[in-house]
Every structure is written in structure tokens, then in C-alpha cells.
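Here is the structure we will look at.
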Ligand SMILES: [Zn+2]
């Protein structure tokens with residue numbers, strides 16, 4: 001990875017060139033873009049590049065990967081400058097190495113054209129007269145668009161777009177509200193909001209918060225778009241299937257409102273980083289369909305003091321809860337102290353859901369978020385809202401703040417204990433691409449499934465011993481021997497439980513295959 | 001005996017086959033009432049994994065039932 005970078009200081013082409021060396025490469029081609037002393041007849045004495053960095057990096061990576069796939073080059077890299085540049089300074093460097101020269105030339109050309117066309121980078125020219133002007137870096141003629149189709153000399157229809165003026169957001173419709181006004185808009189611009197989950201709930205949340213001009217949007221999602229998402233996840237369309245949601249959502253935000261800064265997290269948060277991540281935001285919205293994530297967010301909100309807007313849906317109904325530790329509002333554990341088993345809570349996959357249901361609940365979350373950020377009037381009592389979209393009722397159920405965690409050491413105590421448990425679990429859970437990889441890493445495999453499961457799906461071609469999870473404690477003594485043991489079951493749940501029991505017996509050299517055999521077959525499929 | 005109004009959400013609504021019903025019950029507490037209903041409707045969730053609210057306020061399971069109470073059973077849901 002890392003095929004594209006934004007540089008704030010001078011580019012070093014020699015080092016970049018060395019980075020593209022490959023024994024299979026027979027040719028190397030580089031392109032350098034320099035700052036020249038005039039543009040369209042005006043004398044220029046310098047310029048300034050400004051980039052929407054997160055998006056530029058994501059898009060730049062994608063362009064380099066496209067070039068590699070398209071032309072089969074060995075390696076490609078691009079660096080674009082930002083900041084103040086003088087005449088003659090290098091603004092952009094593109095390099096590609098390939099088995100043959102033609103691919104290298106073409107990949108280079110492709111990358112620079114696409115960079116010019118697609119990257120959210122703006123150029124401000126300083127003229128000798130003392131004036132300046134912003135120039136959009138787009139509307140490039142792209143050679144490769146004319147490569148295919150066999151009519152290279154008849155395809156010169158330019159796109160004909162006038163150079164796009166820099167986008168100026170217009171918040172007049174919401175600023176007209178006396179409770180918003182300029183002061184409110186400034187609060188939104190200064191706000192940092194983290195949205196966890198860019199699915200059915202996250203789609204309206206992200207779109208509304210971007211449109212409203214929230215200054216920084218953090219987006220967390222590790223999933224890719226699936227065709228079954230499209231009935232409720234309105235950020236995406238059919239062309240997006242198979243692509244990472246977080247990247248698509250970041251592009252969607254940039255399309256709705258380029259003035260919003262996006263921080264994309266392509267991996268789910270975990271017990272080890274949730275508190276420090278939440279602490280970097282003013283507000284968090286939990287929009288996943290994952291109970292474990294919801295509890296993690298509740299614990300993170302309690303321990304970082306960050307308000308959290310929780311929502312979840314089931315078929316035709318939803319639940320909405322605002323956790324605000326500083327305002328003394330109860331957390332998720334105050335209501336349901338123990339995380340329920342995945343089978344008990346249902347999901348959109350298992351139980352079904354109509355598309356507008358997360359749409360409504362997500363819009364309500366966005367509304368709560370804006371109310372909190374703008375300090376608009378809102379109910380101060382602790383309630384859980386039950387939204388029933390069949391009979392169109394909303395019930396607010398009041399919570400007794402002295403019940404719940406308060407009766408068991410308080411939310412902070414409960415959250416800390418829960419994160420510690422989750423951390424321990426994380427340390428015990430190991431991920432591998434294959435069982436052979438685990439064996440190569442020095443693990444001895446212990447299959448804790450039942451005999452009939454093993455008969456139906458034996459472990460493929462790797463040595464293992466068999467100890468059903470129910471009998472694991474009896475074998476604690478044997479496993480205490482030197483070496484490291486990886487316990488395996490179908491889903492990772494029984495093996496995790498068995499590891500916990502062994503650790504409780506003082507057996508430290510045991511681990512659980514995260515996600516079980518199901519995770520392995522998933523990896524193989526993807 | 002108490003005549004109470006019941007509301008079901010999520011899986012409970014599905015398993016009861018209705019969102020609400022009125023029942024005449026001899027159950028003394030909310031816990032007894034839920035066990036009675038669980039036997040009747042075959043609810044898969046036990047009381048420990050639910051919250052219960054009476055007259056729009058969350059309550060403890062040992063609260064005694066009164067005539068005319070509106071009782072809501074709420075499981076946590078995770079869809080999104
Ligand atoms: Zn709590």
C-alpha cells in the first residue's frame with residue numbers, strides 16, 4: 001500500500017525512484033510537474049496548493065492501484081505537494097516501473113491525468129501583479145479515455161465543463177432559524193463528530209451532518225457494500241457493490257459538502273482504542289448493527305465523557321437513547337447490564353427490516369446530534385424512546401437514574417470492568433489466514449468441537465488434537481506443557497470460552513482462533 | 001386479579017403475534033406476569049435479558065401489579 005502521498009515539503013525524486021526498483025522491471029518512467037512562470041497569459045510568481053488530505057490520499061491510492069491493474073506495471077508511486085511553491089518547484093512526481101517501457105509510460109500518463117482530474121486539490125496562483133486566484137485542478141484531457149474503442153483520432157470530444165469554481169457552502173436555510181444563526185453555524189463548523197457504522201442508520205446521519213456543515217466527521221466502518229444493503233443504505237448504489245463503505249462514505253461527504261474534513265477509520269474500534277478515539281470528538285453516534293459495538297461505544301462514551309447517540313432497529317421499530325455521562329444520563333449497561341448473546345438480539349439479516357425504518361431512526365439520531373451541538377431545547381430526562389413505525393407511535397420510557405449501574409458501583413466502574421474483560425479477550429483471540437499459518441507460527445491445534453461436527457467438517461490436512469470444549473478443564477494439565485495451543489471451534493465462541501476457563505486455571509499458553517472456522521472460510525471466499 | 005394492558009416490542013411482538021393485548025392476571029409481580037406470558041407465548045428470552053416499564057417508567061421486576069397498569073417488555077435490539 002501507500003502508493004500515494006501528500007508532501008508539505010520538497011519532493012525527493014531520487015528516493016522515490018529507488019522505492020520503485022523491482023527485479024522484474026525492465027523500464028522506469030517518471031513524470032514531474034513543475035511550477036511555471038505563467039498561466040493563460042498571466043505572469044505567475046508562485047502558487048499554493050490546498051488539499052482535502054484524507055480524501056486525496058484515498059483517491060490517490062485508488063488511482064495508483066487502477067494504473068497497476070490496468071497496465072500491469074510492477075510498481076507505481078505518486079507524491080503531490082501542498083503549501084507554498086515557487087517557480088521551478090516540483091508540484092507533483094509520478095513514477096512507474098514495469099517489465100516493458102510501454103506500460104511504464106502509459107501508467108505514468110494515466111496517473112497524472114487522473115490525479116489532475118479527480119483529486120480534491122486546489123491551486124491558488126499568485127500573480128506578479130499581486131493578485132491571486134483559485135484554480136480548480138480538473139477538466140483534464142485524459143489520453144487513456146481515447147485508447148480503447150479503436151478510434152484514437154475521432155475521440156477528441158472534450159468534456160466541455162467550465163472550470164469548477166471553488167465550492168462555497170450555503171447554510172442560509174438553517175441559519176435563518178433564530179436558534180441557529182451565525183453563532184450556531186460556527187459551532188457546527190467547529191464540531192468534531194464520530195459516526196460509527198455507515199449502513200442503514202449511518203446513511204442519513206452522515207448525509208445530514210455533512211450537509212449541515214459539521215466541521216469534522218469521523219467515519220468508522222470495516223464492511224464492504226453488499227447488494228442486500230441497497231434497500232436501506234442510501235449512501236450507496238449498485239456500482240458500489242464490493243467496495244469499502246468507509247471510502248465511499250468519505251467520497252459522498254466530499255460530494256455533499258467539500259468543506260467537511262473527513263477522518264476515515266477502516267477498522268472497527270476496539271477496547272484498546274475506543275476511549276482515546278472518542279476523546280478526540282465532541283459527539284459520537286452509534287449506527288452499527290452490532291451489539292458488541294454498541295456496548296463498546298457506551299463504555300467508551302462513559303469513560304471519555306463524550307455524549308453518545310445510540311439507535312437500533314428491529315423489523316418495523318427502533319430504539320433511541322442519548323448517553324451523556326457529564327449530564328448524568330444512564331448508559332446502555334444501566335438498561336441491559338449484560339451484553340445479550342447474538343442469537344437473542346436479532347439482526348437485519350435474520351429478522352428482516354424495511355428500508356425506511358433505519359432511515360427514520362438515523363434521521364432522528366442526526367436530529368439529536370444537531371440539538372446537542374447547537375444546544376437546542378431537548379428533553380433533559382433520561383429516557384429510552386421506542387419508535388413503532390406500524391402504528392406511528394413514539395413512547396418515551398423514563399429511566400430511574402438510581403437503578404442500573406448506580407446500584408453496582410456506577411457506570412464508570414462497570415465500563416472500566418467491561419473494557420478490561422474485552423481487552424483480555426482481544427489478547428486471547430488470534431486471527432490467521434489459514435490453519436497452516438497458525439501451525440507455521442508454532443501453534444499446536446486443539447479442536448474443541450464435538451465429534452459429529454469434526455466428522456462433518458474435518459480440519460483440512462493439519463495435525464490437531466481433539467478435546468471437546470465441555471471437557472477442556474480435565475485437560476488443563478496436559479495443555480500446561482510447553483508450547484502454545486490454538487483452540488478451534490466453528491464460530492470462535494466455544495474456543496474463547498474454553499480459553500477463559502483454562503486461563504482461570506492458570507494455563508497461560510492457550511489462545512482462541514478468532515471467528516472460528518467460519519472466519520477462515522470467509523477469508524477464503526473473499 | 002388485575003386487568004393490565006401489555007405491549008410487546010421486537011422479538012416479543014413477533015413471538016406473541018401481536019403488539020399489544022389486555023390480560024386478566026393473578027400474577028402478583030412483573031416477574032410472575034412475565035413467566036406466565038412466557039409459558040403462554042413461548043417467549044425465547046428470559047426476564048434477565050429484558051427491561052420492563054410500567055406506565056412509561058422503567059421498573060424493577062419485583063414491582064407489584066396494579067389494576068390498569070400498562071406494561072411494556074423491551075428486549076435490546078441491534079439492527080442498523
Ligand atoms: Zn450505566
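The values are calculated or read from the model by the stated rules, or taken from the named source; none is laboratory data. A quick note: this is a predicted structure, and the numbers were derived from the prediction, not measured. Counting neighbours? That spans all protein chains shown, and the Cβs are built from the backbone with ideal geometry, glycine included.
In the condition set (1) within 16 Å of the ligand (Cβ to nearest atom); (2) under 27 Å from the mean Cα position of the chain (by Cα), residue A:360 is compliant with all but (1).
Which is within 16 Å of the ligand (Cβ to nearest atom) and either at pLDDT below 90 or farther than 30 Å from residue A:304 by Cβ (or both), of A:449, A:421?
Going through A:449, A:421 in turn, the sole match is A:421.
Mind checking whether some residue in segment A:207-219 is within 13 Å of another protein chain (Cβ to nearest Cβ), surrounded by 24 or more Cβ atoms within 10 Å (Cβ to Cβ) and in contact with a strand residue (DSSP E or B) (Cβ under 8 Å, 6 or more places away or on another chain)? No, segment A:207-219 contains no residue that is within 13 Å of another protein chain (Cβ to nearest Cβ), surrounded by 24 or more Cβ atoms within 10 Å (Cβ to Cβ) and in contact with a strand residue (DSSP E or B) (Cβ under 8 Å, 6 or more places away or on another chain). So residue A:346 fits all but one of (1) at positive phi; (2) modelled with pLDDT of 90 or more; (3) crowded, with 16+ Cβ neighbours inside 10 Å; what number is the exception? Failing condition for residue A:346: (2).
Of the residues making up segment A:182-198, not one is in contact with a helix residue (DSSP H, G or I) (Cβ under 6 Å, 6 or more places away or on another chain) and free of Cβ contacts under 8 Å to residues at least 12 places away in the same chain. Where strands (runs of 3 or more DSSP E) fall wholly inside segment A:229-339, the ranges with 1 or more residues that are within 16 Å of the ligand (Cβ to nearest atom) and crowded, with 20+ Cβ neighbours inside 10 Å are A:283-286, A:308-314, A:317-323. Put simply, of B:45, B:6, B:12 the only residue that is surrounded by 16 or more Cβ atoms within 10 Å (Cβ to Cβ), part of a strand (DSSP E or B) and within 14 Å of chain A (Cβ to nearest Cβ) is B:6. In this structure, does residue A:397 turn out to be assigned by TED's automatic domain parsing to the domain that holds residue A:334, in contact (Cβ under 8 Å) with a residue 60 or more places away in the chain, more than 12 Å from the ligand (Cβ to nearest atom) and not in a helix (DSSP H, G or I)? Spelling it out, it is not the case that residue A:397 is assigned by TED's automatic domain parsing to the domain that holds residue A:334, in contact (Cβ under 8 Å) with a residue 60 or more places away in the chain, more than 12 Å from the ligand (Cβ to nearest atom) and not in a helix (DSSP H, G or I). Contact annotation: no residue pair with Cβ atoms under 6 Å, 6 or more positions apart or on different chains, pairs a residue in segment A:404-432 that is under 14 Å from residue A:496 (Cβ atoms) and not assigned by TED's automatic domain parsing to the domain that holds residue A:509 with a partner that is within 16 Å of the ligand (Cβ to nearest atom) and assigned to a helix (DSSP H, G or I). Taken over segment B:15-42, the criterion of being closer than 13 Å to residue B:5 by Cα and in a loop (DSSP other than H, G, I, E, B) is satisfied by B:18, B:19.
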